[in-house]
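Report on one structure; see the data block that follows.
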Amino acid sequence: MTQITLKTNEQPANYDANVQSTADIDIRYRFDFSRFAEHLVDVTLSFTASTDAPQLWLPAWIPGSYLMREFARNITAVHYQVLDEQDTARDTSSQPYRGQKIDKHTWQLPQIKAGQSVSVHYEVYCYDLSVRTAYVDQQRLYGNFTSLALAVEGQEQQKLQVSLIVPAAFLADKDEARVCLAIGLDYTELQLEGQLCFALQVPSYHDLIDYPFEIAEQDRFDFIIQDSAHQTLRHRFYLSGKHSSNMGRLQQDITQICQSYVDWLGDAPFADYTFMTFASGQDYGGLEHINSTSLITPRRDLPSVDEPKIPSSDYQRFLGLCSHEYFHAWWVKTVRPDVMLEVDLRKEAFTPLLWVFEGFTSYVDDFMLQASGVIDKASYLKLLAEQINRYYQTPGRAYQSVAESSFDAWIKLYRNDENTGNAGISYYNKGALVALCLDLTLLEKTKGRYRLFDVIQAFYRQAKQNDKKRIGISSADMGAVISQFMPFDVWQDFERRYVNGVEALPIQTLLSANGVKLHVNSKETADKHMPWGMRCSDTPAGLKVNRVLRGSAAARAGISAHDVIVAIDGIKADAKQLSSLSTSARKIDCHLFRRDELMSVTVLPKAAAEKKNAAADIEQDGLYPDSLRQDCPYKVTLHLATPTSASPSDEAASPTQAGWHTWLNVWADR
């Protein structure tokens, strides 16, 4: 018996209401997951060609993750045949052809003439456990259509119908009541002899690739957010994978965070929103989409049954991930870099502004945890201190600007190696701290009247006034909007020094002016965790060197990443022995293998110790002493100073007097 169920998910804001019947569908996709045990998806694509010898292409990267991932490598071969032969001189309706590859991600169908209906068949290997591609096995069917759906060149704007076919074998050992489709689209569910078919209708290919999906046993809760006009925004949260989470606590905290964003920004660029989360052993990541996010998290980061009132550090990390990707609906999907507005996913889109979008978001995500009341101010300062320490302990901050880091994301950030920290800086990490400094500078220059959140609001208002409800911005646009809130020459100086330049950020000065003290722990230095300025791991063969800091004692001695240290001071090397000699005042002989060759080096740890002692003077007018520009091994903590007697609501009060209130409290209180 066939049972049809129409899901009642509200349509996303950008959904084309006219795409309701199949009569006007131009392109059809069928994804068959019958070979899930082999991690294969069989795809059938049907369309009517608009040109002779049509071409099919697959994206090389996915929006939000700036690396050429070459998804086409997971497609074996493309086959096709004519469904509706119009050339009566010969009948080739059943004759299969093999698509011809014309570049790394494009296939041509040379036997097809304009007007003919075509059926294309191919398989995709799906076994990448990340939020960027596709993964299929006995437990879950997950995918981004950038990895699965070939686009028809020149017909990307045509309407689509998509069918997801789930075989009975996949459902056999599962609780069918918990098996569901998580996606940000409405769908129709058809069940026949135990097999499930989920049918979707999408306005275009470019819309399709912004809706990841997951079919698995999933726990779920729904919640409602209200905007400033008292309109309800429906939210859904799906959680798959083995876990023992406190779903009630999770719902409470996620609701608070989402409501705080809408309270700040007034409304949302979506009518409904979907969180899709997979709980794993140690994988971590998230990717934003138009009205959803795909997340993967270590299950230990989810709330426990007895989760304390102030979330654990692990749980805070997951909440920060949710906060980060949720904000991207406004700040990346709605307001985005200009080069990402109409982007070709077959080639790189270079921009110096990723520090604005990922950096601002990395600042706002944790800030919103405390603004929403989910964590307290002390917990937030710990999270901020982690960002600051990461920045201080990255020597590459003195060599690569955050704008350069953004532009080079395609060749550097996502291709991390042993020299990454020595040669560059993350636009996530430094971008978050540039956002902090910009926020505090705005507060200072406007006596607490404006801040970074006002800049973001201004851009969002511009986007809402645009016909497409989204805008692309440039560096010039940044300056134009920021200068609405503070003098343009102040922004130019800030941009020259901290965005395009590599001057050390004035973190201590700005935080102190806002009632937050930065404390240097001279005992808790990087030497404790990176003796001789290197990070090692114990192995049966010896101490394997994973990373060596530029200018460190290890670097000066000639120790390199991938070396295996077998003896230190004539004794078999291990982490405990290395730690005990981390600040020795004498020369130490060290024997190591580089590849299969035995080498001997002499280390002078005291030189690193002397350098560490100079770390007490962190900043002088925003600049590091020359001796600290390459390697800052100290660790800092933050705490709130005792507020002065000045009234926080007095606009004439200086930032030093009133900032402790203005900065950390919710903008609505100003």
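Whenever a residue of the range 91-104 is more than 23 Å from residue 346 (Cα to Cα), its partners that are polar (S, T, N, Q) and at pLDDT 95 or above, lying with C-beta atoms within less than 8 angstrom and at least six residues away or across chains, give the pairs 92/81; 92/111; 93/81; 94/81; 95/81; 96/81; 97/81; 97/111. Figure legend. Inter-residue proximity from the range 194-205: first residues more than 25 Å from residue 157 (Cα to Cα) and crowded, with 20+ Cβ neighbours inside 10 Å, second residues of a type outside the set (Gly, Ala, Ser) and at pLDDT 95 or above, beta-carbon distance below 6 Å, spacing 6+ or different chains. Indicated pairs: 196/166. Is it fair to say residue 388 is of a type in the set (Val, Ile, Thr) and part of a loop (DSSP other than H, G, I, E, B)? When the stated conditions are applied, residue 388 does not pass them.
Scanning the range 327-381 for residues that are closer than 20 Å to residue 638 by Cβ, among the acidic types (Asp, Glu) and assigned to a helix (DSSP H, G or I) yields a total of 2. The residue of the range 119-159 that is farthest from the chain's Cα centre (by Cα), among those that are more than 15 Å from residue 209 (Cα to Cα) and of a type in the set (A, V, I, L, M), is 120.
Can you give me the number of residues within the range 231-250 that are of a type outside the set (A, V, I, L, M) and surrounded by 16 or more Cβ atoms within 10 Å (Cβ to Cβ)?
11
Return the residues of the range 480-509 that are of a type in the set (A, V, I, L, M) and under 14 Å from residue 443 (Cβ atoms); say none if nothing qualifies. Passing the criteria: 482, 486, 490.
In the range 408-498, counting only helices (runs of 4 or more DSSP H) that sit wholly within it, the ones holding 2 or more residues that are in contact with a Ser or Thr (Cβ under 9 Å, 6 or more places away or on another chain), closer than 19 Å to residue 328 by Cα and in contact (Cβ under 8 Å) with a residue 60 or more places away in the chain span 429-445, 452-465. Those strands (runs of 3 or more DSSP E) of the range 147-209 in which 3 or more residues are at pLDDT 95 or above and in the same structural domain as residue 120 (by TED's automatic domain parsing) occupy 160-166, 179-182, 195-202.
Say whether the condition of being under 30 Å from residue 352 (Cβ atoms) and touching a strand residue (DSSP E or B) at 6+ places or on another chain (Cβ under 8 Å) is met by at least one residue in the range 32-50. Even if it seems obvious, please write down each step before you answer.
Let us first name the residues in the range 32-50 that are under 30 Å from residue 352 (Cβ atoms), namely none.
Checked against the condition, which is being under 30 Å from residue 352 (Cβ atoms) and touching a strand residue (DSSP E or B) at 6+ places or on another chain (Cβ under 8 Å), the range 32-50 yields no hits at all.
Considering the conditions (1) among the acidic types (Asp, Glu); (2) touching a Gly at 6+ places or on another chain (Cβ under 9 Å); (3) over 28 Å from residue 560 (Cα atoms), residue 439 is excluded by exactly one of them, (2). Scanning the range 391-407 for residues that are polar (S, T, N, Q) and touching a residue at least 60 places away in the same chain (Cβ under 8 Å) yields 393, 400, 401.
Going by the structure shown, is residue 471 buried (at least 18 other Cβ atoms within 10 Å of the Cβ), within 30 Å of the chain's Cα centre (by Cα), within 26 Å of residue 641 (Cα to Cα) and at pLDDT 95 or above? Considered against the rule, which asks whether it is buried (at least 18 other Cβ atoms within 10 Å of the Cβ), within 30 Å of the chain's Cα centre (by Cα), within 26 Å of residue 641 (Cα to Cα) and at pLDDT 95 or above, residue 471 comes out as no.
From the list 380, 363, 391, the lone residue that is buried (at least 18 other Cβ atoms within 10 Å of the Cβ), touching a helix residue (DSSP H, G or I) at 6+ places or on another chain (Cβ under 6 Å), closer than 21 Å to residue 475 by Cβ and not assigned by TED's automatic domain parsing to the domain that holds residue 549 is 363.
Among all residues of the range 208-220, there is none that is free of Cβ contacts under 8 Å to residues at least 60 places away in the same chain and out of contact with any strand residue (DSSP E or B) (no Cβ under 7 Å at 6 or more places or on another chain).
Of all residues in the range 418-432, those being hydrophobic (A, V, I, L, M, F, W, C) and buried (at least 24 other Cβ atoms within 10 Å of the Cβ) number 2. Is it the case that residue 237 is touching a residue at least 60 places away in the same chain (Cβ under 8 Å), over 18 Å from residue 457 (Cβ atoms) and under 20 Å from the mean Cα position of the chain (by Cα)? So residue 237 does not fit the description; no. If the condition is being surrounded by fewer than 21 Cβ atoms within 10 Å (Cβ to Cβ) and in a loop (DSSP other than H, G, I, E, B), then the range 113-131 contributes 113, 114, 115, 128, 129, 130. Considering the range 206-219, and only residues there that are surrounded by fewer than 22 Cβ atoms within 10 Å (Cβ to Cβ) and of a type in the set (D, E, K, R), the residue that is farthest from residue 27 (Cα to Cα) turns out to be 219.
May I ask you to say which residue of 81, 95, 86 is over 30 Å from residue 293 (Cβ atoms), touching a Lys or Arg at 6+ places or on another chain (Cβ under 8 Å) and either at pLDDT 95 or above or not in a strand (DSSP E or B) (or both)? Explain how you work it out, then say what you get.
Details: 81 fails: touching a Lys or Arg at 6+ places or on another chain (Cβ under 8 Å); 95 fails: touching a Lys or Arg at 6+ places or on another chain (Cβ under 8 Å).
So the residue among 81, 95, 86 that is over 30 Å from residue 293 (Cβ atoms), touching a Lys or Arg at 6+ places or on another chain (Cβ under 8 Å) and either at pLDDT 95 or above or not in a strand (DSSP E or B) (or both) is 86.
Checked against the criterion of being of a type outside the set (Val, Ile, Thr) and farther than 27 Å from residue 65 by Cα, the range 265-284 contains one or more residues that satisfy it.
Here's the yes/no breakdown for (1) closer than 30 Å to residue 377 by Cβ; (2) within 14 Å of the chain's Cα centre (by Cα); (3) touching a residue at least 60 places away in the same chain (Cβ under 8 Å):
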residue	(1), (2), (3)
278	no, no, yes
286	yes, yes, yes
297	yes, yes, no
303	yes, no, no
308	yes, no, no
322	yes, yes, yes
325	yes, yes, no
329	yes, yes, yes
334	yes, no, yes
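Go through the range 33-83 and give me each residue that's among the small types (Gly, Ala, Ser) and under 15 Å from residue 104 (Cβ atoms). First the steps, then the outcome.
Within the range 33-83, the first condition is being among the small types (Gly, Ala, Ser), and the residues that meet it are 34, 37, 46, 49-50, 53, 60, 64-65, 72, 77.
60, 72, 77, listed by residue number.
Considering only residues in the range 204-234 that are under 25 Å from residue 340 (Cβ atoms) and among the aliphatic types (A, V, I, L, M), the one that is farthest from the chain's Cα centre (by Cα) turns out to be 233. Across the range 484-508, what is the total count of residues that are buried (at least 17 other Cβ atoms within 10 Å of the Cβ) and under 25 Å from the mean Cα position of the chain (by Cα)? Number satisfying all stated conditions: 6.
Taking the condition of being part of a strand (DSSP E or B), more than 20 Å from residue 543 (Cβ to Cβ) and at pLDDT 50 or above, how many residues in the range 586-620 meet it? Don't jump to the end; show me each part of the working.
Quick first cut of the range 586-620, residues part of a strand (DSSP E or B) only: 588-594, 597-603, 620.
From what's left, more than 20 Å from residue 543 (Cβ to Cβ): 620.
Of the ones still in play, those that are also at pLDDT 50 or above are none.
Selection size over the range 586-620: 0.
Criterion applied to 373, 396, 421 was being at positive phi and more than 17 Å from the chain's Cα centre (by Cα), and the one residue passing it is 373.
The values are calculated or read from the model by the stated rules, or taken from the named source; none is laboratory data. The structure presented is a predicted model; accordingly, all values stated were derived computationally and were not measured. Cβ: placed from backbone, ideal geometry, glycine included. Neighbour counts: every protein chain shown.
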